[in-house]
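J.: Can you read through this structure? Questions will come right after.
Bear in mind that the values in this text are calculations on the coordinates, not laboratory data. Quick caveat: nothing in here was measured; it's all calculated off a predicted structure. Ideal geometry is used to build each Cβ from the backbone, glycine not excepted, and the neighbour counts take in all protein chains shown.
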Amino acid sequence: MQGALTNRAFLRRAVRYLARSGVTQFLDLGTGLPAAGAVDEIAQQVTPGARVIYVDHDPVVLAHARALLSRDPRTVTVAADLRDPASVLGEATIQAHLDLRRPVAVLFVAVLHFLTAAEDPGGIVRAFREVLAPGSYVAITHLADVDSDVQARRAATTRRAVRVYEEMAAPLVLRTPEQIHSLFDRLDLIEPGLVPVHRWRPGHGSRSEVPVPVLAGLAQRT
Ligand SMILES: C[S@@+](CC[C@H](N)C(=O)[O-])C[C@H]1O[C@@H](n2cnc3c(N)ncnc32)[C@H](O)[C@@H]1O
């Protein structure tokens, strides 16, 4: 639970940073259940005209998202599987809402650890990166396989979570910091780089966040 809250807090900080940097289009892959401070809310606080596309493949998530998220026409929710970038990008609503000639922020927040090595998360990030205009961004948070003393207790909790997930349909795949770093191939990580999620540009409201074994980074296509 703490991990989800800390991760969401990163998402809000990153979207605020991106909107303030002039990004007006957001593609949120693996949206999850709607929560306060959703991407459209934060982005449109900064830039009222910002467009947000939410993508998920879970029908329950999609039903909640459609019921609860903004009814603003600049915010849309699409059923698609991010493991198939061509079909996501070819989807009619996405084609109508996304102008790939201008910068887009693609958000892979707490989703790539649901993909196995065979599903090639690096290749998926690359496929999205290749269609992005210069000045676009990619944000990733990912459960990390960390063994430092500080993180060990939480890592043990994470491994228990992994076992629970393995008994369910969705596997949860921990990756090393090096493996997570490689997901940003040919992208420029902005400061502070790939760091524990609570350390990514913490703001005033971040003090209560406790360390969780999740790494976060935001990178730009130049
Ligand atoms: C842990 S939630 C993260 C939600 C949100 N990004 C956040 O950080 O709070 C992961 C979401 O990714 C979605 N998801 C997992 N695999 C997916 C896939 N292959 N295509 C689209 N969505 C996927 C799940 O349905 C779930 O809603």
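J.: For the ranges 109-115, 77-83, 178-184, what's the packing order if you count other beta-carbon atoms within 10 Å of each residue, average per peptide, and put the highest first? Before the final figure, lay out each step's value.
T.: Details: 109-115: 21.7, 77-83: 18.7, 178-184: 17.1.
Descending packing order for the listed peptides: 109-115, 77-83, 178-184.
J.: Please label the shape of the range 63-154 as rounded, prolate or oblate, based on the square roots a ≥ b ≥ c of the eigenvalues of the alpha-carbon gyration tensor (a/c under 1.5 means rounded; beyond that, a/b larger than b/c means prolate, else oblate). Please report the intermediate quantities before stating the final value.
T.: On the way: a/c = 2.02, a/b = 1.56, b/c = 1.30.
Here the range 63-154 falls in the prolate category.
J.: Please report, in whole Å³, the volume per residue of the convex hull around the C-alpha atoms of the chain.
T.: It is 118 Å³ per residue.
J.: Test of understanding: what is the full-extension gain from Thr222 to Asp72, defined as 0.36 nm times their sequence separation minus their Cα-Cα distance?
T.: 50.9 nm
J.: Net charge near Ala65, counting Lys/Arg +1 and Asp/Glu -1 over other residues with Cβ under 14 Å of its Cβ?
T.: Numbers: positive: Arg66, Arg71; negative: Asp28, Asp40, Glu41, Asp56, Asp58, Asp72.
Around Ala65, the charge tally is -4.
J.: When the helix-only estimate is applied to the chain (DSSP H runs of n ≥ 4, each -39,500 (n - 2.57), divided by the residue count), what is the mean residue ellipticity at 222 nm, nearest 500 deg cm²/dmol?
T.: -11500 deg cm²/dmol
J.: Which residues' amide hydrogens lie under 5 Å from the amide hydrogen of Leu69, considering only partners 5 or more residues apart or on another chain, with H built in the peptide plane?
T.: Amide H neighbours of Leu69, under 5 Å, 5+ apart: none.
J.: May I pose another question? For every other residue with a beta carbon closer than 14 angstrom to the beta carbon of Arg20, add +1 if it is Lys or Arg and -1 if Asp or Glu, then tell me the sum.
T.: Result for the neighbourhood of Arg20: +4.
J.: Looking at the range 2-220 only, what percent of DSSP beta bridges run antiparallel? Nearest 5 please.
T.: 35
J.: In the neighborhood of Tyr137, defined by Cβ-to-Cβ distances under 11 Å, what is the net charge if each Lys or Arg adds +1 and each Asp or Glu adds -1? Don't jump to the answer; show the numbers that get you there.
T.: On the way: positive: Arg129, Arg221; negative: Asp188.
Residues close to Tyr137 contribute a combined charge of +1.
J.: So, by mean Cβ neighbours within 10 angstrom, what's the order for 20-26, 52-58 with the highest one leading?
T.: Output ranking for 20-26, 52-58: 52-58, 20-26.
J.: Quick one: among Arg102, Arg71, Arg186, which has the greatest mean-square fluctuation in a GNM of the chain with alpha-carbon springs under 10 angstrom?
T.: Comparing Arg102, Arg71, Arg186 in the GNM, the peak value goes to Arg71.
J.: Quick one: which of 85-95, 35-45 comes out on top by average Cβ neighbours within 10 Å, and what's the full order, highest first?
T.: Highest-to-lowest ranking by the protection proxy: 35-45, 85-95.
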